[in-house]
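K.L.:
If you scroll down you'll find the structure; I have some questions about it.
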Ligand SMILES: [Zn+2]
């Protein structure tokens, strides 16, 4: 077996991106698990794919569309029914300091 | 001190004018109460499956063609993963690996010269929701409205081919013009339908090598873009001159402070981990579809300008001004269709209407005086009911009150006075009060005549027929 594909730092980085808080033990556990998963799937690297076009989907389907026609939305009560907190019809979340996400 | 010049590129987000969202049938109407245009799909509920709105794809193809892009036969959607409360799925569906429009260009006109800006790509994605602050005093929470989440959004990415504020203005206006013409968006900036992001770097004047690029978000109007451009160029130049280094980062424009500030790096761990979205199948755009869309593109500015000259007998200059935006062109044609004389409507539009639109940063379709109202106003002047000076007052009043021009003329008693005995009375009074001016005119100083006309008009509270005033004055002094 080759050297680990996943190190501790990478596990912590991915956990931060996913907003997960991991204990040191968990970090080591995930490091081992993820490493095994990647090692297992890396068997695919043995195949020669030089002349195979990249695939983005496993189904031989394309152009599944709908027409631009309005359908009923949820009632605001239903839309908010799973929200731990709400105010004036909005979902309420902890303060966001920075404006502007990625869009 | 080294002289630096700016190098500018744009990322432009355009909300499409489809009726429904990109992956579900929820309405995209602006201004609805919060969370009333949401469903399990755009809320990102587990187990739901998105289905693409055909119109959104078609609009992307239209835009790509209008911007001279090539359109690969196969494209698809990717997930851009990041965490933010306005993004219910914690990923945004976008295009990264197989994009719909590639390598195009847009010609802009700056100081009479044509300049080509290369377009890197045109891709389709979904918009995020909106965040507002809690209304409860002392409560620091944020509130999320997901009505906008899933609205189809096109991103147009240019190459850094611009250098000056004039280039930037020309690019923004030309792009907006095309998007309106091909009818993919109403481009309403107040409603955030059209949003500009800048890339700015600076380099030593006369050199070619690009400096480190800074991205700037949160620019809400074209004026803000220009303010930001000026500020950021200065900031980077001063930094370099002081021996510093420009960091590659995303900054936010702070309107109150009129400056950019860095986003805290922890919040923007830019690691999007793009991968093809397994919930969405490939988009196949064969040549026939592409050509069908190309054939359906409307009359663009050049053709419309020529038609205006022929059909309405307008001078070239008028035709150019009136076709700069399709909204303005449409307004003009509607006013003429409502009975306004073409040249008179054109004169009013090129002066008063365009100035107001510019000041209000409004599109013609949002203008409070509708085309039929302008036709009415022009008709009032043509029929001699009011003079052109009164008309300007009526124009201002109709914008203030929203009342129709005829209504204002009646309410304020502004009908032009063509009764020669009444006008003569004002003339006689004026002559009696201005013996000096009369003497000057009789001594051959005809310039004093204009001052007298002004006096008579003032006496009539602007209502006297100016032609009649001139005639009577000339007769009395002749
Ligand atoms: Zn929905």
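The values are calculated or read from the model by the stated rules, or taken from the named source; none is laboratory data. Small disclaimer: the values here were computed from a predicted structure and weren't measured. Reconstructed Cβ throughout: ideal geometry from the backbone, glycine too, with neighbour counts over all protein chains shown.
K.L.:
Select from the stretch B:7-32 the residues that are in a loop (DSSP other than H, G, I, E, B), more than 12 Å from the ligand (Cβ to nearest atom) and within 11 Å of another protein chain (Cβ to nearest Cβ) and write down the one among them that is surrounded by the most Cβ atoms within 10 Å (Cβ to Cβ).
P.N.:
Only one residue fits best here, namely B:16.
K.L.:
What are the residues in the stretch B:50-68 that are at pLDDT 95 or above and in a loop (DSSP other than H, G, I, E, B), if any?
P.N.:
Once the filter is applied, which keeps residues that are at pLDDT 95 or above and in a loop (DSSP other than H, G, I, E, B), the stretch B:50-68 yields B:50, B:51.
K.L.:
In this structure, does residue B:64 turn out to be in contact (Cβ under 8 Å) with a residue 24 or more places away in the chain and either within 16 Å of the ligand (Cβ to nearest atom) or over 31 Å from the mean Cα position of the chain (by Cα) (or both)?
P.N.:
No, not satisfied.
K.L.:
Moving on to the next point. When residue A:69 is evaluated against the numbered criteria (1) under 23 Å from residue B:126 (Cα atoms); (2) in a helix (DSSP H, G or I), which criterion, by number, is the only one it fails?
P.N.:
(2) is the only condition that residue A:69 fails.
K.L.:
So, one more: Among what's in the stretch B:38-52 and is closer than 29 Å to residue A:86 by Cβ and within 7 Å of chain A (Cβ to nearest Cβ), pick the residue that is nearest to the ligand (Cβ to nearest atom).
P.N.:
B:39
K.L.:
To continue, here is another question. Name every residue in the stretch B:114-137 that is within 14 Å of chain A (Cβ to nearest Cβ), out of contact with any helix residue (DSSP H, G or I) (no Cβ under 7 Å at 6 or more places or on another chain) and within 30 Å of residue B:61 (Cβ to Cβ), in order of residue number.
P.N.:
Of everything in the stretch B:114-137, those that are within 14 Å of chain A (Cβ to nearest Cβ), out of contact with any helix residue (DSSP H, G or I) (no Cβ under 7 Å at 6 or more places or on another chain) and within 30 Å of residue B:61 (Cβ to Cβ) turn out to be B:123, B:125, B:126, B:127, B:128, B:129, B:130.
K.L.:
Looking for whichever is touching a helix residue (DSSP H, G or I) at 6+ places or on another chain (Cβ under 8 Å), away from the ligand (no atom under 16 Å from the Cβ) and more than 21 Å from residue B:180 (Cα to Cα) here; the options are B:83, B:97. Which one fits?
P.N.:
Within the list B:83, B:97, the selection yields B:83.
K.L.:
Same structure again: Is it true that residue B:170 is within 28 Å of residue B:102 (Cβ to Cβ), away from chain A (no Cβ under 14 Å) and not in a strand (DSSP E or B)?
P.N.:
yes
K.L.:
Quick check, is residue B:35 within 14 Å of chain A (Cβ to nearest Cβ), buried (at least 21 other Cβ atoms within 10 Å of the Cβ) and on the phi > 0 side of the Ramachandran plot?
P.N.:
Answer is yes for this residue.
K.L.:
Okay, moving on. Out of curiosity, is residue A:93 facing chain B (nearest Cβ under 7 Å) and within 23 Å of the chain's Cα centre (by Cα)?
P.N.:
When the stated conditions are applied, residue A:93 passes them.
K.L.:
Can you find a residue in the stretch B:144-167 that is within 13 Å of chain A (Cβ to nearest Cβ), away from the ligand (no atom under 16 Å from the Cβ) and in contact with a helix residue (DSSP H, G or I) (Cβ under 9 Å, 6 or more places away or on another chain)?
P.N.:
Yes, because at least one residue in the stretch B:144-167 is within 13 Å of chain A (Cβ to nearest Cβ), away from the ligand (no atom under 16 Å from the Cβ) and in contact with a helix residue (DSSP H, G or I) (Cβ under 9 Å, 6 or more places away or on another chain).
K.L.:
Please determine whether any residue of the stretch B:260-281 is outside any loop (DSSP other than H, G, I, E, B), within 24 Å of the chain's Cα centre (by Cα), closer than 27 Å to residue B:357 by Cα and in contact (Cβ under 8 Å) with a residue 24 or more places away in the chain.
P.N.:
The answer is no; no qualifying residue exists.
Residues are listed down the side, and each one gets a yes or a no for (1) in contact with a strand residue (DSSP E or B) (Cβ under 7 Å, 6 or more places away or on another chain); (2) assigned to a strand (DSSP E or B):
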| position | (1), (2) |
| --- | --- |
| B:216 | yes, yes |
| B:237 | yes, no |
| B:244 | no, no |
| B:247 | no, no |
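K.L.:
Another question, then. Only one of B:56, B:111 is closer than 25 Å to residue B:174 by Cβ and more than 12 Å from chain A (Cβ to nearest Cβ); which?
P.N.:
That would be B:111, the only listed residue that is closer than 25 Å to residue B:174 by Cβ and more than 12 Å from chain A (Cβ to nearest Cβ).
K.L.:
Now, a different point. Can you name the number of the only condition in (1) facing chain B (nearest Cβ under 9 Å); (2) at pLDDT 90 or above; (3) surrounded by 15 or more Cβ atoms within 10 Å (Cβ to Cβ) that residue A:34 fails?
P.N.:
Every listed condition holds for residue A:34 apart from (1).
K.L.:
Okay, next question. Just to be sure, is residue B:55 within 16 Å of the ligand (Cβ to nearest atom), within 28 Å of residue B:301 (Cβ to Cβ) and buried (at least 19 other Cβ atoms within 10 Å of the Cβ)?
P.N.:
So residue B:55 fits the description; yes.
K.L.:
A further question on this structure: Picking from A:46, A:28, A:67, A:77, which residue would you name as being more than 20 Å from the chain's Cα centre (by Cα) and facing chain B (nearest Cβ under 8 Å)?
P.N.:
Only one candidate passes the filter, namely A:67.
K.L.:
Looking at (1) surrounded by fewer than 23 Cβ atoms within 10 Å (Cβ to Cβ); (2) modelled with pLDDT of 90 or more; (3) within 14 Å of chain A (Cβ to nearest Cβ), find the lone condition where residue B:140 falls short.
P.N.:
For residue B:140, the exception is condition (2).
K.L.:
Still on this model: Select from the stretch B:414-423 the residues that are part of a loop (DSSP other than H, G, I, E, B) and in contact (Cβ under 8 Å) with a residue 12 or more places away in the chain and list them in ascending order.
P.N.:
B:414, B:415, B:416, B:418
K.L.:
Next question, about the same structure. Conditions: (1) closer than 25 Å to residue B:183 by Cα; (2) at the interface with chain A (Cβ under 9 Å from one of its Cβ atoms); (3) within 16 Å of the ligand (Cβ to nearest atom); (4) in contact (Cβ under 8 Å) with a residue 60 or more places away in the chain. Residue B:74 meets all but one. Number of the miss?
P.N.:
Among (1) closer than 25 Å to residue B:183 by Cα; (2) at the interface with chain A (Cβ under 9 Å from one of its Cβ atoms); (3) within 16 Å of the ligand (Cβ to nearest atom); (4) in contact (Cβ under 8 Å) with a residue 60 or more places away in the chain, residue B:74 violates only (3).
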